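J.: After the structure tokens below, expect a handful of questions from me.
Computed from the coordinates by the stated procedures, all read-outs in this text should not be read as laboratory data. Quantities reported herein were computed from a predicted structural model and do not represent experimental measurements. Virtual Cβ from ideal backbone geometry, glycine too; neighbours counted across all protein chains shown.
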Amino acid sequence: DTAVSQTPKYLVTQMGNDKSIKCEQNLGHDTMYWYKQDSKKFLKIMFSYNNKELIINETVPNRFSPKSPDKAHLNLHINSLELGDSAVYFCASSSQAEQYFGPGTRLTVT
Amino acid sequence: AQSVTQPDIHITVSEGASLELRCNYSYGATPYLFWYVQSPGQGLQLLLKYFSGDTLVQGIKGFEAEFKRSQSSFNLRKPSVHWSDAAEYFCAVVPTGTASKLTFGTGTRLQVTL
């Protein structure tokens with residue numbers, strides 16, 4: 001019974017490609033997030049959705065587009081991938097301030 | 001500027017020794033405070049949290065943390081470290097009144113020697 005799941009776990013692709021990462025939570029939470037962890041382990045929020053509505057949109061290139069088809073899912077689509085997009089991307093969900101994280105998706109752009 | 005600081009990038013302790021990881025924050029009002037742990041190749045697991053009330057909070061895996069308002073600190077402690085505690089530890093805050101925007105410190109890598 002995984003609470004927050006992400007697919008795929010690993011993603012290797014070439015520059016210029018478009019890719020998506022999927023996230024699902026079965027905790028019944030209203031809010032979901034995407035975080036990026038860089039090579040130095042620094043974690044930074046990218047987006048947050050509450051009941052399918054975008055509430056946080058940090059300074060992220062518009063090549064990144066989140067989509068929330070329902071409150072249990074938050075997907076991340078990335079267009080025209082660049083080398084600097086290589087990172088681990090974490091999905092999270094919360095009902096209040098406490099957030100629960102998925103296992104992460106390691107994206108490598110070559 | 002609002003920030004979360006973990007002064008120690010890397011700490012090494014012997015198995016069985018006590019541990020204290022430091023965290024300081026700089027916010028106008030006391031934020032909600034968290035400690036997360038990330039084992040190698042894994043996601044983040046919540047160890048404990050402080051919202052209000054008793055300033056000494058107990059978490060999972062034998063960890064505890066103490067909130068000290070006068071020092072703007074929320075240090076993580078464990079009386080006796082096990083080799084399996086080797087991981088990256090992150091302090092994080094959510095400013096009160098924000099849309100749960102979790103801001104992380106830079107992390108402290110804990111190495112445990114046998």
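J.: Would you pick out the residues in segment B:78-97 that are surrounded by fewer than 15 Cβ atoms within 10 Å (Cβ to Cβ) and of a type outside the set (A, V, I, L, M, F, W, C)?
T.: Correct list: B:PRO79, B:SER80, B:HIS82, B:SER84, B:THR96, B:GLY97.
J.: Right, next: Can you name every residue in segment A:3-44 that is touching a residue at least 60 places away in the same chain (Cβ under 8 Å) and assigned to a loop (DSSP other than H, G, I, E, B)?
T.: If the condition is that a residue be touching a residue at least 60 places away in the same chain (Cβ under 8 Å) and assigned to a loop (DSSP other than H, G, I, E, B), then A:ALA3, A:PRO8, A:LYS9, A:GLN14, A:MET15, A:GLY16, A:ASN17, A:ASP18, A:LEU27, A:GLY28, A:HIS29, A:ASP30 are the ones that fit.
J.: Suppose we filter segment B:43-71 for residues that are surrounded by fewer than 16 Cβ atoms within 10 Å (Cβ to Cβ) and either assigned to a helix (DSSP H, G or I) or in contact (Cβ under 8 Å) with a residue 40 or more places away in the chain (or both); how many remain?
T.: Adding up the residues that qualify gives 6.
J.: Something else: Can you pull out the residues in segment B:83-114 that are within 14 Å of another protein chain (Cβ to nearest Cβ) and in a loop (DSSP other than H, G, I, E, B)?
T.: Once the filter is applied, which keeps residues that are within 14 Å of another protein chain (Cβ to nearest Cβ) and in a loop (DSSP other than H, G, I, E, B), segment B:83-114 yields B:PRO95, B:THR96, B:GLY97, B:THR98, B:ALA99, B:SER100, B:LYS101, B:LEU102, B:GLY105, B:THR106, B:GLY107.
J.: Looking at this structure, is B:PHE74 in a strand (DSSP E or B) and in contact (Cβ under 8 Å) with a residue 60 or more places away in the chain?
T.: No, not satisfied.
J.: Okay, next question. For segment B:11-28, does any single residue satisfy the condition of being within 13 Å of chain A (Cβ to nearest Cβ) and closer than 15 Å to B:PHE90 by Cα?
T.: Looking through segment B:11-28, none of the residues is within 13 Å of chain A (Cβ to nearest Cβ) and closer than 15 Å to B:PHE90 by Cα.
J.: Now for a different question. Being in contact with a Cys (Cβ under 8 Å, 6 or more places away or on another chain) and not hydroxyl-bearing (Ser, Thr, Tyr): is that true of A:HIS29 here?
T.: Answer is no for this residue.
J.: Considering only segment A:98-110, how many residues are surrounded by fewer than 21 Cβ atoms within 10 Å (Cβ to Cβ) and either in contact with a Phe, Trp or Tyr (Cβ under 8 Å, 6 or more places away or on another chain) or within 14 Å of chain B (Cβ to nearest Cβ) (or both)?
T.: Number satisfying all stated conditions: 5.
J.: Also, quick follow-up: Out of segment A:17-49, which residues are polar (S, T, N, Q) and more than 10 Å from chain B (Cβ to nearest Cβ)?
T.: A:ASN17, A:SER20, A:GLN25, A:ASN26, A:SER39
J.: Kindly establish whether B:SER80 is assigned to a loop (DSSP other than H, G, I, E, B) and within 16 Å of A:GLU98 (Cα to Cα).
T.: no
J.: Report yes if some residue within segment A:61-72 is exposed (fewer than 13 other Cβ atoms within 10 Å of the Cβ) and within 14 Å of another protein chain (Cβ to nearest Cβ); otherwise report no.
T.: Taking every residue of segment A:61-72 in turn, none turns out to be exposed (fewer than 13 other Cβ atoms within 10 Å of the Cβ) and within 14 Å of another protein chain (Cβ to nearest Cβ).
J.: Quick check on B:LEU33: is it surrounded by 15 or more Cβ atoms within 10 Å (Cβ to Cβ), within 14 Å of A:TYR100 (Cα to Cα), within 14 Å of chain A (Cβ to nearest Cβ) and of a type outside the set (Val, Ile, Thr)?
T.: So B:LEU33 fails the test.
J.: Which strands (runs of 3 or more DSSP E) sit wholly inside segment A:57-110 and have at least 3 residues that are closer than 14 Å to A:ILE21 by Cβ?
T.: A:64-70, A:73-78, A:87-94, A:105-109
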